[in-house]
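The values are calculated or read from the model by the stated rules, or taken from the named source; none is laboratory data. Keep in mind that what you see is a predicted model, and the values were worked out from it rather than measured. No Cβ is skipped: glycine too gets one built from the backbone with ideal geometry, and neighbour counts run over all protein chains shown. Note: areas computed on protein heavy atoms with side chains; ligands, DNA, RNA excluded. Shrake-Rupley method; radii C 1.70, N 1.55, O 1.52, S 1.80 Å.
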Amino acid sequence: MSDAAVATTIFAVFMVATVVLGLLAVRGRAGAGGGLTEWSVGGRSLGTVFIWVLMAGESYTSFSYLGAAGWGYNYGAPVLYVVAYLSCGYAVGYVVGPMLWAHARRHGLVGITDMVAHRYGRPWVGALVALLATVFLLPYIQLQITGMGVVVSTISYGALSLNWGYFIAFAVTTGFVVVSGLRGSAWVSVLKDVLVIATLAFLAIYVPQHYFGGYGDFLDRVVSEKRDWVTLPGHGGAFGQAWFATTSVLNSLTIVIFPTTVAGYLGARNADVLRRNAMLLPAYNVLLFVPMLLGMAALFVVPGLAGADSNLALFRLVVDSLPAWTVGVVGVAAALSSIVPMAVFMLVIGTMWGRSVLSLVPRLRERQKAASQVVVVVAGALALLMTYTVPNTLVRLSLISYEGMAQLLPMLLLGLVWRRVTLTGGLAGLAVGVAMVCWFVFSDRDPVWGVNAGVIALGVNLLVAVAVSYVGPKGVVVADDMLARDPIHEERVRG
């Protein structure tokens, strides 16, 4: 068999196994009700292990294999912002996660659109947030589809085209998430994490030893020949200390309200599961150093990669030096790093629309799960179609995804802990924040004086939300029960 046939066969076997594993996740759950809560947040019954692999799976995406290595190759040290914001975000999640979990469980909520609609007493607010969040999340699905296409085309030694890779990503993910929901994603995450840990541990030892004779010689060459890559602002000088600090702060706050993160929170069996995971998840970040270092190793082995080709830095090392079966296994790990987060992105979009948008139609109100499942397929198909036809549209939208999502912080998170935030204030701040992000990013003014533009927009957003809440129209009186509280106090009382 040719190298392409060996690697492609291994890949195909694992893709079939992925769909089967995802479908098996719902076996024996017939007695769990089978409603939207069971499908979208796993019946709020997932324990520490499943929540750990699921949330680790959401953070370790195709970006980790392709983008992190590419950033390491192009810029060097600035790529460490990923480790910084994820670790800080887990610390914030230690407090916020249990609070959101307890609030959602008490009121039967299944996502952030549910939370804002419940907090402000207006179902259309949930629909508005669902629409906005979909605009910010759809590019992430396209990024995972694109990443999967690159992986499939590379490990098949070009035998399978990018377009086939895109379609396989859509087909495999849709194949299980429509039926098994969040529980299926958690089960597939187990397979994905086993392969990711095994392959990255192997590559972390193999590549420096094979190409440089060990870490000592590799790092000596980096320090002596690529000094710009090991300090801020990195090679090219675009990402200085102010950008690093503000991006880490903004992303660490945003990740706790990201719809996919919240889906993980709400899937937990109890608040202690989330606290344990907040302490355990940073350990997974150690794996992120591997593609970053291998990206820098590629500077010496495959110099001259430019543009999108730099994202192939890690795979060029793998394909050029390892046997085909190993290339296939590494490719499977990278592909699953696209499939798992893509499944959760599609799931939360489906849940938001089924719960907060389509439920506004009376005849669909009692069929929210079915409506959500249809939206999952539509969202994935739309992202696939746009990947084929207008990829640059989603690429441009992806530039505002994280900074745009951050603008929901005052309306959602502040509104859940501070009763003085009014609907008018929250919407005014959100409108100003999103408008500023769009203007900064699309006019190429991000970073602003070296600072992440999303932080500046969030600051103005917060000021507007507070000012309008104080001087604008007063909303209805917010009862204590409408606010989110850390359940640890209730647990102590019961204890």
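Given the protein chains as shown and a 1.4 Å probe, how many square angstrom of His118 are accessible, to the nearest 10?
50 Å²
So for the range 402-495, averaging the separation of alpha carbon pairs under 8 Å that are six or more residues apart and normalising by length, what relative contact order in percent results?
38 percent
Could you tell me which label, among (i) 68, 54, 51; (ii) 67, 52, 42; (iii) 208, 59, 41, carries the value of Cα extents along the principal axes in Å calculated for this structure?
The value matching this structure is (i).
Could you look at the range 273-427 and say what percent of its accessible area is carbon and sulfur, using a 1.4 Å probe and all protein chains?
Heavy-atom surface of the range 273-427 belonging to carbon and sulfur, 1.4 Å probe: 66 percent.
Can you give the accessible area per residue of the range 243-314, in Å², using a 1.4 Å probe?
For the range 243-314, the per-residue accessible area is 30 Å².
What whole-number value in Å² describes the accessible area per residue of the range 110-199 for a 1.4 Å probe?
Result: 29 Å² of accessible area for each residue.
What accessible surface, in Å², does a 1.4 Å probe find on Cys88, ignoring ligands, DNA and RNA and rounding to the nearest 10?
70 Å²
Could you run the Debye sum over the Cα atoms of the range 78-136, one equal point scatterer each and no solvent, and tell me log10 of I(q)/I(0) at q = 0.17, 0.28 Å⁻¹, two decimals?
Cα-only, vacuum Debye calculation for the range 78-136: -0.72, -1.01.
Treating only the Cβ atoms of Lys and Arg (+1) and Asp and Glu (-1) as charged, compute the dipole magnitude of the range 62-202 about its Cα centre; round to the nearest 20 debye.
400 debye
Answer rounded, prolate or oblate for the range 153-216, using the Cα gyration tensor with square roots of eigenvalues a ≥ b ≥ c: rounded when a/c is under 1.5, else prolate when a/b is larger than b/c, else oblate.
oblate
Run the simple label-point estimate for Trp439 and Asp272 please: 7 Å along Cα→C-beta, distance reported in nm.
5.1 nm
For the chain, what does -39500 (n - 2.57) per DSSP helix run (n ≥ 4), summed and divided by total residues, give at 222 nm, in deg cm²/dmol to the nearest 500?
That comes out to -23500 deg cm²/dmol.
Using Stokes-Einstein with the Kirkwood hydrodynamic radius over Cα pairs, what translational diffusion coefficient do you get for the range 240-357 at 4 °C and a viscosity of 1.567 mPa s, in µm²/s rounded to a whole number?
D = 73 µm²/s.
Mind checking the range 1-104 for trypsin sites (Lys or Arg not before Pro) that DSSP puts in a loop (not H, G, I, E or B) and that have at most 15 other Cβ atoms within 10 Å?
Arg27
Would you mind telling me the share, in percent, of accessible area of the range 1-124 contributed by carbon and sulfur at probe 1.4 angstrom?
Carbon plus sulfur share of accessible area: 66 percent.
Could you report the accessible area of Arg485 in Å², rounded to 10, computed with a 1.4 Å probe on the protein chains as they sit in the structure?
It works out to around 100 Å².
Accessible area, 1.4 Å probe, largest first: how do Thr48, Thr389 sort?
Accessible-area ranking of Thr48, Thr389, largest first: Thr389, Thr48.
Work out the P(r) tail for the range 201-309: percent of alpha carbon pairs separated by more than 19 Å, whole number.
Value for the range 201-309: 63 percent of Cα pairs lie more than 19 Å apart.
Dipole magnitude of the range 199-336 about its Cα centre, charges +1 at Lys/Arg Cβ and -1 at Asp/Glu Cβ only, in debye to the nearest 20?
So the dipole magnitude of the range 199-336 works out to roughly 400 debye.
Could you order Lys226, Lys474 so the one with the most accessible surface comes first? Probe is 1.4 Å.
Lys474, Lys226
To the nearest 20 Debye, how big is the dipole of the chain about its Cα centre, given +1 on the beta carbon of each Lys and Arg and -1 on that of each Asp and Glu?
Roughly 1580 debye, rounded to the nearest 20.
For the range 351-441, just say rounded, prolate or oblate: build the C-alpha gyration tensor, square-root its eigenvalues into a ≥ b ≥ c, call rounded for a/c under 1.5, and beyond that prolate if a/b exceeds b/c, oblate if not.
oblate
Using a Cα-Cα cut-off of under 16 Å, which aspartates and glutamates could be cross-linked to Lys192, ignoring same-chain neighbours fewer than 8 residues away?
Within the straight-line cut-off, Lys192 pairs with Glu58.
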